[in-house]
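Accompanying notes for the structure given below.
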Amino acid sequence: MDLSTIILPEHVFIGVPAPTKWRALQVLSSKAASCFGLDGAAVLRALETREKLGTTGIGNGVAVPHAAIAGMTRPRGLLARFSHPVDFEAIDDIPTEWAFVLLFGEGGRSEYLNVLAAIARRLRTEGVLAAMKHAKSAEELYSIFHV
């Protein structure tokens, strides 16, 4: 799975302000809507509905808010580093520093699992999370994650 076709350089953000998980979902929905030409309210509803099923905070300071969006034909994503860690109620109770927002078509749930697995593999690569933490720009963060 080539993540560089799903998360493009212009879809990486540093210093995203969000005091709470729910505010983070609002901000991320707005960014996703702008990047992908979607209705922000629809994206927010989808992400909130998914989050109410259980946290998307997967641990190690990472959350992967995700949802199926009507009309999408392929998975698309954002990578965001928050300005301050956010309590995403992660399984390990570590506040979330990074969010990978994944949006996919209603028939693309299996494709989403492949994307999630690719993200997990990359984050398990030694030194990646530490390097991401020290990235000074969105370009540097993108480069670290996609090497």
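The values are calculated or read from the model by the stated rules, or taken from the named source; none is laboratory data. Here the structure is a predicted model, which means the values were calculated and not measured. Cβ: placed from backbone, ideal geometry, glycine included. Neighbour counts: every protein chain shown. For accessibility, only protein heavy atoms count, side chains too; no ligands or nucleic acids. Shrake-Rupley method; radii C 1.70, N 1.55, O 1.52, S 1.80 Å.
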Inset, instruction - Can you run down the residue pairs with Cβ atoms below 7 Å, 6 or more apart or on separate chains, where the first is in region 59-78 and closer than 11 Å to GLY108 by Cβ and the partner is modelled with pLDDT under 95 and acidic (Asp, Glu)? - result: ALA68/GLU106; PRO75/GLU111
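Could you list, in sequence order, all residues of region 31-80 that are assigned to a helix (DSSP H, G or I), of a type in the set (A, V, I, L, M) and buried (at least 16 other Cβ atoms within 10 Å of the Cβ)?
Start the filter on region 31-80 by keeping residues that are assigned to a helix (DSSP H, G or I), which leaves 31-36, 40-53.
With the extra rule that they be of a type in the set (A, V, I, L, M), the set shrinks to 32-33, 41-44, 46-47, 53.
Hits for region 31-80 are ALA32, ALA33, VAL43, LEU44, ALA46, LEU47.
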Legend entry - Flag if ALA63 is within 22 Å of MET1 (Cα to Cα) and at pLDDT 90 or above: yes
Legend entry - GLU111, sole failed condition from (1) farther than 17 Å from THR5 by Cβ; (2) open to solvent by 20 Å² or more (accessible area, probe 1.4 Å): (1)
Inset, instruction - Give the residues of region 1-30 that are open to solvent by less than 60 Å² (accessible area, probe 1.4 Å) and part of a helix (DSSP H, G or I), sorted by residue number. - result: LEU3, SER4, HIS11, LYS21, ALA24, LEU25, VAL27, LEU28, SER29
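Residue-wise test of (1) among the basic types (Lys, Arg); (2) in a loop (DSSP other than H, G, I, E, B); (3) open to solvent by 50 Å² or more (accessible area, probe 1.4 Å).
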{"site": "ALA90", "(1), (2), (3)": "no, yes, no"}
{"site": "LEU102", "(1), (2), (3)": "no, no, no"}
{"site": "LEU116", "(1), (2), (3)": "no, no, no"}
{"site": "ALA120", "(1), (2), (3)": "no, no, no"}
{"site": "ALA130", "(1), (2), (3)": "no, no, yes"}
{"site": "GLU140", "(1), (2), (3)": "no, no, yes"}
{"site": "ILE144", "(1), (2), (3)": "no, no, no"}
